[in-house]
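A quick write-up on the structure given underneath.
What follows draws every value from the coordinates through simple rules; no lab data is involved. Owing to the predicted nature of the structure, the values given are computational and were not obtained by experimental measurement. We place every Cβ from the backbone using ideal geometry, glycine too, and count neighbours over all the protein chains shown.
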Amino acid sequence: MQKLKFIIVILVVGVLGSLIRPTPVEGAFPCEDVGYQCGVNSPNCWDEYCSSSCGDGCSFDSCSGGTCNSYCDWNNCPDGCRYPTTSGGVCNECTAYCDSSCAYGCSSESCSGGTCNTPSSCDDYCWSGCAYGCSSEDCDGGVCNSSPTPTSTPTPTNAPEICSIDELTCIDGYEYICSADRTDWDYLRACAYGCDTAADVCSVSSYCEDVSCGDCTAGGETGYRVMCWSDETQEEFLWESCIAFDSGYTQDQCETRLASNDPCHAVNDTCGGLASCVLPLVSRIDSCGWQACGVACEPPPVDGGGDPVCVASYPVKAVLSLPVSGGSTDTLSVNLSWSPSTDYGNGCPQNNGQTVFLEAGDSSPDIWVASLFANEGSYTASGLEGNKQYYWRVMSSNGSLDMYSDVYSFITPGIVTGTLFDASDIDSCALMGSAPKISGSLVNIVGGVSYAPVTDVLGVYSQIVGAPDSYVVTPVVSDPYSSTPKLTCQGASADFVVGGPETVTLDFGFWRIYGGWWQAIGGDVYGGGGIESVVPVDVPANERYLIKNDANGNGGLAQYGTGGVIELGDGDGVYVSESGWEAESGYGGQDVNYEYYTAKMKVLEKTVWSGVGKPVYSPGVDGYEIYTYTGDATVNFDVSGGERMVFMIDGNVTVSSDVTVALGSHLTVISSGNITFDSNVGEVHGWWVADRIVIESTGDTATELQFKGEGSFVGWDAVELNRDRGVTNNTEPAEEFTYRSDLMVNAPRALKFSRYKWLEQAP
């Protein structure tokens, strides 16, 4: 706290007045007769009067001159009188006062200066090193206010202009300059001496310094050179001037001081002694020339009188420790730590404190971020930009002189972010805004260090990553989405080079995996309880049918039992067929199953089969052969050209490999139980009739084969279609059934039958 000392000088001016005495007259009047005068030689008295020797007047008059008033002789009693007397009084020994050396004030006052307060019992004060004042005061100097540097905010388009180019304004000790777009104020600098409210700029914007002795002449006398700058950064030189040495100093004294590297302390005050300077100026002038610019650095000349004054010395610089210089941080809020100065030197007056400077991209940082007490050794810098190299240092101050630490640097991390979305219905990243988002999915970010953020409810992931470094980004999504992205919008790698972008955005779109579905080509389908096949909307529009036309343009009829429905999903543009043929009509005929054909072919010649492997083909005169087997059989062979084979199996049938039937040939397998197609079976031809048709799955969508059936597949109780090909379901059916008319043409007569309806007609 700066204390102002007022010396009150009281001047007592004595006014001497002339006493006019009447001329004495001789007479014979009694002395007590004061109404008459008497001569000098008369036995009678003078009139009563006050003697002129009573400097402060008389308490009463008498013929002998009166009785003098008591008074205090101020000339001899500078501290006043204990009590007045006619001779000038008895002087006080002193007046009790508080010594100005008591930094925290006095607990009591005395002639010796009083008893100083200790820090524990001091008057609260605000440390002058708090450039922006104190939020609270205490014995240690109070808690400094933080910088009121405004936070930049986005400027709306076509915002009205609020200032003009190069215009300045000063608010709360900070100077701002009009922004380039004239819509906001940009921070320029802190005003060490507050704002000049009249000019609306910093109160102090220039300073001078004594740069050399004896190299110039002023008024015929050897002098010293003074140089002035626009501000303390020395960015703009103003002028230089030659000032004559004061008569009390010699050039030798000045040169000795400079040679001994003893340049006096910096004086933070307003110049008053340099006629050539434009006021106000902050002095950085030493006392080589004994300038009347702040406090002198050493006693005035002996012949000039005066008291010795404080001589300032520099503090020892602080030693920075963390973050390690040149290293990287993993957060945008960085704790800076250092060892404070071990010796703050001598200040005039002593006001120890520290200032932290931090700036991105400048190896000589001069942007103020914090003012701290002398013993503090850490500061947390928050709100930093990502992927930037920051430089920082600490300035130790004692109230007169400043000392900077070394400069350290650190690199802030970058940010990888993006969105995972459902791209099933879109083909461009530009449309991702309207697409459903994928939440709760892991995103692997692998570089020098690995990270694994999870997407939020909006499908967004965000991760602070160390820089500089390069990363590969791999999303890990689960059902019902494909593991491989359909759309990789900005690539799958993030490269951070110091000074490059703070944030890298990588968005990914995925296929929605539909369940396995089936499709018929060029033939009819029937479901007694209804028909279901959920056709994905991702299938091309010309493929989005339950029954697709064959190469010849032939379609088919979808028929279902009474009360049943056709369920194709809720996707747009999905239809039964191009023709739209469908019928709610139950099947009222006979079950043409194993029992039926056993009875029908009872009298026909048959060949007993072993139930495994392809039998020897020996057709009869009708050009076909019927094979029978009781028990569970396995079919794993093809039917060659011209072969027409019928298998009647009283048991279950397993198809363990692909089965093809050449054109001009025929194959029928009729089972009394189930016909099961193994998961490794991809293509099967022929007529297959059983109580239940089962197409098995591997359970692995990545390896699942598409089942292609050509011919007819009849399950009188049920048909189980279990194939699921994951993301491939989005483009093609898991099971595909194609009608083959040549199998009908080449069917043996034993499988065919005619129906007749007799109707009697009137002649």
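Could you give the dipole magnitude of region 594-751 about its Cα centre, charging the beta-carbon of Lys and Arg +1 and that of Asp and Glu -1, in debye to the nearest 20?
The calculated dipole for region 594-751 is roughly 560 debye.
Please compute the contact order of region 414-512 in relative form: average sequence separation of alpha-carbon pairs under 8 Å and at least six residues apart, divided by the residue count, as a percent.
Rounded, it is 37 percent for region 414-512.
What FRET efficiency, computed as 1/(1 + (r/R0)^6) with R0 = 51 Å and r the Cβ-Cβ distance, is obtained for residue 702 and residue 163, rounded to the nearest 0.05?
That pair, residue 702 with residue 163, gives E of 0.20.
Between residue 182 and residue 49, what length in nm is gained on full extension when 0.36 nm per residue of separation is reduced by their alpha carbon distance?
Result for the pair: 39.2 nm of gain on full extension.
Work through the residues other than residue 408 whose Cβ is under 14 Å from its Cβ and net out their charges, Lys, Arg +1 and Asp, Glu -1.
Residues close to residue 408 contribute a combined charge of -1.
May I ask you to sort 217, 67, 412, 419 by Cβ crowding, counting other Cβ atoms within 10 Å and putting the fewest first?
217, 67, 419, 412
Could you tell me which of the pairs 606/752; 437/708; 437/548; 388/437 are separated by over 26 angstrom between their Cα atoms in the structure shown?
Cα-Cα > 26 Å for 437/708; 437/548; 388/437; rest within.
Considering the options 709, 762, 731, tell which one lies farthest towards the positive end of the dipole of region 682-763, charges being +1 on Lys and Arg and -1 on Asp and Glu at the Cβ, about the Cα centre.
Working it through, the farthest residue towards the positive pole turns out to be 762.
Fully extended, how many nm does the chain gain between residue 542 and residue 75 (0.36 nm per residue separation, minus their Cα-Cα distance)?
In short, 155.9 nm is gained.
Quick check on the exposure proxy: order 622, 570, 742 from fewest to most C-beta atoms within 10 angstrom.
Going from least to most buried by this count: 570, 622, 742.
Quick check: from the Cα gyration tensor, does region 540-627 come out rounded (a/c under 1.5), prolate or oblate?
Prolate, because a/c is 1.5 or more and a/b exceeds b/c.
Under the Kirkwood approximation for Rh and a Cα-based Rg, what ratio Rg/Rh is obtained for region 370-523?
My calculation puts Rg/Rh at 1.25.
How much net charge surrounds residue 329 when only the other residues with a Cβ under 15 Å from the Cβ of residue 329 are counted, with Lys and Arg +1 and Asp and Glu -1?
-3
Net charge around residue 598, counting only other residues with Cβ within less than 11 Å of its Cβ (Lys, Arg = +1; Asp, Glu = -1)?
Summing Lys/Arg as +1 and Asp/Glu as -1 gives +1.
Tell me whether region 319-411 comes out rounded, prolate or oblate; compute the Cα gyration tensor, take square roots of the eigenvalues as a ≥ b ≥ c, and use a/c under 1.5 as the rounded threshold.
Taking the square roots of the gyration eigenvalues as a ≥ b ≥ c, region 319-411 is prolate.
Which one, 666, 690, 633, is farthest towards the positive end of the dipole of region 594-751 when Lys and Arg carry +1 and Asp and Glu -1 on their Cβ?
It is 666.
Quickly work out the residue 364-to-residue 469 label distance, labels modelled 7 Å from Cα along the C-beta direction, and quote it in nm with one decimal.
Those two pseudo-labels are separated by 3.5 nm.
Using Cβ contacts closer than 10 Å as the measure, can you line up 675, 426 from fewest to most?
Ordered by Cβ neighbours within 10 Å, fewest first: 426, 675.
Say each of residue 439 and residue 618 gets a label point 7 Å from the Cα, pointing the same way as Cα to Cβ; how far apart are those two points in nm?
The modelled label-to-label distance comes out at 7.3 nm.
Among 520-531, 573-584, what's the highest-first ranking by average C-beta atoms within 10 angstrom per residue?
Packing proxy ranking, top to bottom: 520-531, 573-584.
Given labels modelled 7 Å from the Cα in the Cβ direction, how far is it in nm from residue 567 to residue 316?
If labels sit at residue 567 and residue 316, their model points lie 8.5 nm apart.
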